[in-house]
Amino acid sequence: MVPIDQLKYVEELLTPVLLYDCTLTDGQVEYWSTHSATYQGVTYSPRILENTGFGIGLLADDGADWGNRISLVLANTDGYVTQLHQNENLKGCQLLVRFAFLDPESAQVMATPQAVFTGIGDAPEQLTTTRAKLNFTSRFSLQRLALPQVRIQENCPWAFPQSQAQRTEA
């Protein structure tokens, strides 16, 4: 495999592709892509219709970073995504997105894929007979949540005496 940064010197331009490895809650791994692709003997099915959220955003003090959330629209004409949802395997699934270059004639990945996103999935936002929209939150963005400085706890369930008579009786 050729590193991605060396492919810029190739005379014949290859097709950029995103490879999606989705590990469902039962441990099954689904391989999706925008194009039919093969990498290390694994075939990626061309199920991705749209993806949003792959933009560079500014953080407060840390500089630039990938987005905290992405949305995928998957083809569902065969009802496969509906079946995964009914088996309760989508909510909490883990997604790894990698960028690579693809030879369109052989459908082989020609560069070592680089990871660009890893996240946790939510239940489908939209599920129709033709499309399914899934949202994923970055695993790393969860570490940047601002937590309050005071301890969070429930109110004390005990009833304390409020008057002098109640205190002497207790």
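The values are calculated or read from the model by the stated rules, or taken from the named source; none is laboratory data. Owing to the predicted nature of the structure, the values given are computational and were not obtained by experimental measurement. Every residue, glycine among them, receives a Cβ derived from its backbone with ideal geometry; neighbour counts consider all protein chains shown. For accessibility, only protein heavy atoms count, side chains too; no ligands or nucleic acids. Shrake-Rupley method; radii C 1.70, N 1.55, O 1.52, S 1.80 Å.
Below is a table of values for the structure above.
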read-out: 95, 13, 18, ranked by accessible area, largest first (probe 1.4 Å); value: 13, 18, 95
read-out: For residue 135, net neighbour charge (Lys/Arg +1, Asp/Glu -1) across residues whose Cβ lies under 11 Å away; value: +1
read-out: Label-point separation, residue 36 to residue 159 (7 Å along Cα→Cβ), nm; value: 7.3 nm
read-out: Segment residue 94-residue 43, extension gain: residue separation times 0.36 nm, minus the distance between their alpha carbons; value: 16.5 nm
read-out: Heavy-atom SASA rank of 125, 50 (probe 1.4 Å, accessible area, largest first); value: 125, 50
read-out: Label-zone membership for region 89-116, site residue 5, 7 angstrom Cα→C-beta point, backbone N under 20 Å; value: 98-102, 110-116
read-out: Exposure rank, largest accessible area first [105, 30; 1.4 Å]; value: 105, 30
